Amino acid sequence: MVERADDPTSWKKLWDMERTPWDKGDAPPATIELLRSGKIPAGNGRVLVPGCGRGYDAFAAAQYLPGVKEVVGLDAVKLANEEAKRLQAERNVSQDILKFEIGDFFNLKPEKLFDVVIDHTFLCAIPLSLRKPWAQAMADLIVPGGTLITYMFPLGTFTDGPPHALSLEVYDELLLPNFDQIHLVEVATKFHINRETTSEKIGVWRRKQQE
Ligand SMILES: C[S@@+](CC[C@H](N)C(=O)[O-])C[C@H]1O[C@@H](n2cnc3c(N)ncnc32)[C@H](O)[C@@H]1O
């Protein structure tokens, strides 16, 4: 992510220029393993992937999460949505289970809440000023007892982003008011960003019951 991209207008420019360096062509193997593991309760089966890009994590949820019924892949940029839909047609995945929508995560008002949300390189992509609204939106969108999966990338200390560096402390501060951490999955992959070797993990969080 070499360009500054702190708002959806900039994201549109990146997509228009075909600059999608974050795109690895599939969901991370560790995410797929987690989804298949039986450790993620699907509840009523509604899954959201915000900032889904070409939709790899949404495809993975539709394919691998036991009990999944409906996956929504959301991206603010029309071109990303078109790319995801093109892949969906290529892969012959039914729209009964997987829908790609255009929209701003921060304005999302779904008719029904989600049982599982997967954040993969979305939190690191948004401006620091939107981190608290991100955490509040996650709490508002997930059913009590539901699950948030955070692919924690990049764990590091550099200050120039996006992608903005993240830390376990940042996740704790944002999420612990409304979520309990259930699992912390080690991921072997390392990445080099801004002269720093960053690490990655997956956090699995359960939405607390509301008081
Ligand atoms: C770093 S990319 C990650 C894409 C995808 N998760 C992946 O790993 O391939 C971040 C994505 O978030 C989208 N995005 C940025 N701000 C958004 C917002 N407020 N609501 C929805 N999508 C947004 C961008 O268009 C971009 O596709």
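The values are calculated or read from the model by the stated rules, or taken from the named source; none is laboratory data. As the structure is a prediction and not an experimental result, all values here were calculated from the model. In this analysis, Cβ positions are derived from the backbone assuming ideal geometry, glycine residues included, and neighbour counts consider all displayed protein chains. In case anyone asks, the SASA skips ligands and DNA or RNA and just uses the protein heavy atoms, side chains included. Shrake-Rupley method; radii C 1.70, N 1.55, O 1.52, S 1.80 Å.
Taken together, ILE118, ILE97 contain a single residue that is at pLDDT 95 or above and surrounded by 21 or more Cβ atoms within 10 Å (Cβ to Cβ), which is ILE118. Scoring ILE142 on the criteria (1) hydrophobic (A, V, I, L, M, F, W, C); (2) buried (at least 20 other Cβ atoms within 10 Å of the Cβ); (3) closer than 17 Å to TYR56 by Cβ leaves a single failure, condition (3). Taken over the range 50-67, the criterion of being farther than 13 Å from GLY25 by Cα, outside any helix (DSSP H, G or I) and without any contact (Cβ under 8 Å) to a residue 40 or more places away in the chain is satisfied by PRO66, GLY67.
Criterion applied to ILE149, ILE102 was being crowded, with 23+ Cβ neighbours inside 10 Å, in contact (Cβ under 8 Å) with a residue 24 or more places away in the chain and either in contact with a Ser or Thr (Cβ under 6 Å, 6 or more places away or on another chain) or more than 24 Å from ARG195 (Cβ to Cβ) (or both), and the one residue passing it is ILE149.
Which one is nearest to the chain's Cα centre (by Cα) among residues in the range 121-139 that are more than 12 Å from the ligand (Cβ to nearest atom) and crowded, with 16+ Cβ neighbours inside 10 Å? For the range 121-139, the residue satisfying everything is MET138. Contact map, the range 173-195: first residue more than 22 Å from PRO144 (Cα to Cα), second residue open to solvent by 70 Å² or more (accessible area, probe 1.4 Å) and among the polar types (S, T, N, Q), Cβ cut-off under 9 Å, separation 6 or more or different chains; pairs are LYS190/THR197; PHE191/THR197; ASN194/THR159.
Residues that are open to solvent by less than 10 Å² (accessible area, probe 1.4 Å) and either more than 16 Å from the ligand (Cβ to nearest atom) or basic (Lys, Arg) (or both) within the range 43-79 comprise GLY45, LEU65, listed in sequence order.
Condition check ((1) under 23 Å from PRO144 (Cα atoms); (2) charged (D, E, K, R)) across all residues:
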{"residue": "GLU18", "(1), (2)": "no, yes"}
{"residue": "SER37", "(1), (2)": "yes, no"}
{"residue": "PRO41", "(1), (2)": "yes, no"}
{"residue": "GLY45", "(1), (2)": "yes, no"}
{"residue": "ASP57", "(1), (2)": "yes, yes"}
{"residue": "ALA60", "(1), (2)": "no, no"}
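Output the residues belonging to the range 28-42 that are open to solvent by 10 Å² or more (accessible area, probe 1.4 Å), closer than 20 Å to GLU186 by Cβ, more than 12 Å from the ligand (Cβ to nearest atom) and not in a helix (DSSP H, G or I). Matches in the range 28-42: SER37, GLY38, LYS39.
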